[in-house]
Amino acid sequence: MSLRQSVQFVALGFGMLVVSAASSCTWAADAFFDEVPIVLTASRMAQSPVDAPVAVTLIDREMIDASGFTEVHELLRLVPGFLVADWPDGSPVVANHGMSDAYDRRIKVMVNGHTVNSPAWGNTNWHDLPLRVNDIERIEVVRGPNGAAYGVNAFDGVVNIITRSPATESGVALISRIGANGFHDHGFRINGDAEAAIDWRLSGSHRRSVNFRPYRNDKGVLEARKIVERSVLNFGATAQLSTQDELQWMLGFSSGGTDRGAPGNSFHPLREDDTRAQYVHLGWKRSFAVDSELSVQFHHQRERTRAPWQIMLGRLGPFAADKDSDVRREELEVQYGATLSPAWRFMLGAGVRREAARSRSMFETGGTVSGVSSQVFGSVVWSPVERLRIDLGGTLEDHHYSGSLFSPRLALGYALTPDSALRFSSGVSYRTPSLVESHALQAIRVGTEIKWLGAWAGADTQPERVRHAELGYAAMFREQGLGIDVRAFYQEFDDYIDDERCWFPSRREAGLPRPCPSPPADFAPIEWDLGFGRPSAFVFRNVGSFRLSGGEFSIDWRRPGWGRILLSQSVIDIDVSGDNVDKDFKYSVPNSITSLLLIKDLPGRWRASLGYYRHATLKWRNDGDRVPEQGRVDLKLSHRFGGVNSGNEVAVVVQSAGGRYADFHGRRYRHEPQVFGSLRLTW
């Protein structure tokens with residue numbers, strides 16, 4: 001889709017929606033949008049989604065409950081243009097408009113404003129996040145690059161998971177979910193006394209889920225299974241030290257195993273990975289006035305994995321190794337924001353972080369690979385006239401590998417009414433190579449010699465860059481109970497990093513078309529010993545450029561006593577250039593993505609919901625493959641009981657009502673459906 005076609009798409013969608021809104025019935029204007037939703041993630045400043053400089057989707061508590069999802073990453077199916085997949089040999093994958101592989105390292109994921117992407121690959125280990133779906137108050141998603149607000153690696157979107165405040169709940173809650181194939185998810189929540197000086201909340205859960213069962217592919221080979229078992233503990237507390245000062249601290253811990261592999265499969269043998277993850281967050285806020293606040297926050301994150309690994313070394317058969325790793329991040333951030341006048345508002349901040357990883361198999365050293373980066377960021381909003389808003393923002397980062405990078409943004413907003421606005425924004429964002437992409441030397445040694453090389457960091461890998469622009473319209477029609485978000489986007493990507501297969505010559509040949517860099521001096525591959533074949537490796541390199549354009553719209557309609565409908569549609573087009581770009585890259589973007597969540601209130605405090613999530617054909621890259629066009633249907637039927645304000649609920653949930661479906665690799669993996677019942681009691 002060209003930029004002109006994208007604009008036409010937005011105009012068409014806008015026209016259809018305005019006509020629909022104008023023809024709708026009017027009821028109880030104060031029943032919808034009584035409180036205008038406020039988002040924090042778009043520019044680091046609290047604002048309405050209508051006023052935000054970039055497109056933002058808000059997944060609220062009602063959507064979370066109605067979806068029936070029990071894993072955090074699944075909730076992102078509700079975001080326009082987002083794709084979610086899983087595979088047996090790694091963490092689930094989340095992508096914005098496609099273009100992803102097994103490691104979703106181009107979307108910045110945060111919990112309460114602090115990064116939780118793994119320092120090693122830059123991806124998010126979704127199974128190991130130390131929180132539960134029931135701990136989440138809302139999720140704010142920026143549906144595109146946002147380096148101006150968060151610096152490098154806010155490259156293709158930002159996901160901010162905001163947990164429930166201890167002050168918003170009281171008492172005790174128990175929840176139990178039990179389903180087919182041994183699925184269970186049992187949890188609790190305890191809140192402190194509302195009259196106490198400190199508000200606190202403690203939650204925990206134990207979960208077991210069969211995501212993949214052994215599946216025999218079209219060649220008769222038994223593919224791998226994946227059984228995930230996790231225990232999670234999460235604690236949060238706030239203390240109001242004075243009328244101006246608030247102290248906040250949060251702790252999270254996750255531990256468990258993942259049973260992977262297939263019986264008799266020498267490339268994916270049965271094994272169990274043991275993982276642990278934890279975080280500590282401390283924050284202090286001082287309010288000088290209603291719109292003037294200083295905050296200081298510290299965040300510590302640690303992940304540990306113990307994973308046996310087996311690789312076939314030529315005719316010698318399998319060789320036992322491991323994929324053990326330890327990663328950590330410490331981050332300190334200071335931010336101040338204030339409203340100077342009705343026409344001027346600003347925010348300024350600075351941060352420093354240290355990222356470190358240790359993995360002998362990935363870095364060919366028992367030592368730690370690490371780096372310290374720092375950044376300053378800011379934003380100024382100016383309204384020269386009543387309806388016009390000019391937003392200038394940017395982040396200057398000194399990155400430990402890529403050096404100095406500046407990510408600017410210019411956004412213009414024009415208010416058509418107090419609850420609707422047109423938006424234009426443009427900017428530049430970067431993604432720096434992860435510790436793996438910049439330092440990897442994945443090797444297996446036999447004695448003093450390296451017999452096999454896998455992932456390998458290329459020399460002088462440059463950061464990825466995206467230049468982006470979007471034209472959007474956002475509105476809330478209070479009387480009709482209707483929210484609308486429409487946009488067209490255009491993005492130019494340069495220096496895209498890919499793991500490209502390269503070859504080492506045999507001892508009798510030279511001049512290969514895609515040679516590897518010079519190997520270590522002690523490299524003696526098994527192929528040379530056996531006198532056959534060419535050894536190969538995968539090198540991280542900047543491979544080329546491409547352009548992405550498209551349009552999307554979302555509708556959020558609700559009527560008290562009837563229910564709610566949320567519908568989104570995205571259309572995308574990719575134009576690939578460069579001789580080094582993988583020939584399959586153009587197939588990694590589906591031309592359309594649809595999401596629908598229907599919530600229907602029924603008599604007697606019953607409620608039914610239906611989720612429908614569809615994407616066109618796409619090809620997940622590297623470890624993935626082609627997945628056909630398909631749709632998934634989820635169903636939930638629930639009943640509230642007890643007091644009017646009670647959270648007691650009994651429910652039945654069906655995930656993937658159509659049965660098994662192809663996931664991540666259409667020829668190899670079939671994701672299991674799930675049927676379970678749940679009971680929640682509160683007092």
Going through the range 454-463 in order, the residues found to be assigned to a strand (DSSP E or B) and out of contact with any Ser or Thr (no Cβ under 8 Å at 6 or more places or on another chain) are Gly454, Ala455, Trp456
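Quick one: is Gly658 open to solvent by 60 Å² or more (accessible area, probe 1.4 Å) and on the phi < 0 side of the Ramachandran plot?
In short, yes.
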**Asked** Would a scan of the range 123-135 turn up a residue that is under 27 Å from Phe493 (Cβ atoms), free of Cβ contacts under 8 Å to residues at least 60 places away in the same chain and open to solvent by 20 Å² or more (accessible area, probe 1.4 Å)?
**Response** no
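Residue by residue, here is whether (1) without any contact (Cβ under 8 Å) to a residue 24 or more places away in the chain; (2) within 30 Å of Leu441 (Cα to Cα); (3) buried (at least 18 other Cβ atoms within 10 Å of the Cβ) holds:
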| residue | (1), (2), (3) |
| --- | --- |
| Gly544 | no, yes, yes |
| Ser554 | no, no, yes |
| Gly561 | no, no, no |
| Asp582 | no, yes, yes |
| Leu597 | no, no, yes |
| Tyr613 | no, no, yes |
Note on His439: of the conditions (1) under 28 Å from the mean Cα position of the chain (by Cα); (2) open to solvent by less than 70 Å² (accessible area, probe 1.4 Å), unmet is (2)
Within the range 132-144, residues touching a helix residue (DSSP H, G or I) at 6+ places or on another chain (Cβ under 9 Å) and within 12 Å of Met110 (Cβ to Cβ) come out as Ile139, Val141, Val142
Of Ala356, Ala350, Ala343, the only residue that is within 20 Å of Val290 (Cα to Cα), surrounded by fewer than 19 Cβ atoms within 10 Å (Cβ to Cβ) and either of a type in the set (Gly, Ala, Ser) or under 28 Å from the mean Cα position of the chain (by Cα) (or both) is Ala343
Scanning the range 166-175 residue by residue, those touching a Ser or Thr at 6+ places or on another chain (Cβ under 7 Å) and either farther than 20 Å from Arg201 by Cα or among the small types (Gly, Ala, Ser) (or both) turn out to be Ala167, Gly171, Ala173
Residue hits (the range 616-655; open to solvent by less than 60 Å² (accessible area, probe 1.4 Å) and under 18 Å from Ala102 (Cα atoms)) are Thr617, Leu618, Lys619, Trp620, Arg621, Gly624, Asp625, Val627, Pro628
Among Thr417, Thr395, Thr432, Thr461, the single one that is β-branched (Val, Ile, Thr) and open to solvent by 30 Å² or more (accessible area, probe 1.4 Å) is Thr417
In the range 661-679, residues that are assigned to a loop (DSSP other than H, G, I, E, B) and either in contact (Cβ under 8 Å) with a residue 40 or more places away in the chain or buried (at least 21 other Cβ atoms within 10 Å of the Cβ) (or both) total 8
Checked the range 192-233 for anything open to solvent by 20 Å² or more (accessible area, probe 1.4 Å), closer than 14 Å to Ser255 by Cα and touching a Phe, Trp or Tyr at 6+ places or on another chain (Cβ under 7 Å); matches are Arg208, Leu233
When the range 447-493 is checked residue by residue, the ones that are more than 30 Å from Ile555 (Cα to Cα), at pLDDT 95 or above and acidic (Asp, Glu) are Glu464
Over the range 49-72, the set of residues under 24 Å from Asp156 (Cβ atoms) and in a loop (DSSP other than H, G, I, E, B) is Pro49, Val50, Asp51, Ala52, Pro53, Val54, Ala55, Asp60, Phe69, Glu71
Over the range 256-273, the set of residues open to solvent by 50 Å² or more (accessible area, probe 1.4 Å) and either of a type in the set (A, V, I, L, M) or in contact with a helix residue (DSSP H, G or I) (Cβ under 7 Å, 6 or more places away or on another chain) (or both) is Leu270
Original post:
Could we say that Leu313 is surrounded by 17 or more Cβ atoms within 10 Å (Cβ to Cβ) and modelled with pLDDT under 95 here?
Top reply: yes
Expected output for the range 157-178 (first residue among the polar types (S, T, N, Q), partner part of a loop (DSSP other than H, G, I, E, B) and open to solvent by 20 Å² or more (accessible area, probe 1.4 Å), Cβ below 9 Å, 6+ apart or cross-chain) is Asn160/Leu40; Asn160/Asn112; Asn160/Gly113; Thr163/Asn112; Ser170/Asp193; Ser170/Ala194
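The values are calculated or read from the model by the stated rules, or taken from the named source; none is laboratory data. Quick caveat: nothing in here was measured; it's all calculated off a predicted structure. Here the Cβ is made from the backbone with ideal geometry for all residues, glycine too, and neighbour counts use every protein chain on show. Note: areas computed on protein heavy atoms with side chains; ligands, DNA, RNA excluded. Shrake-Rupley method; radii C 1.70, N 1.55, O 1.52, S 1.80 Å.
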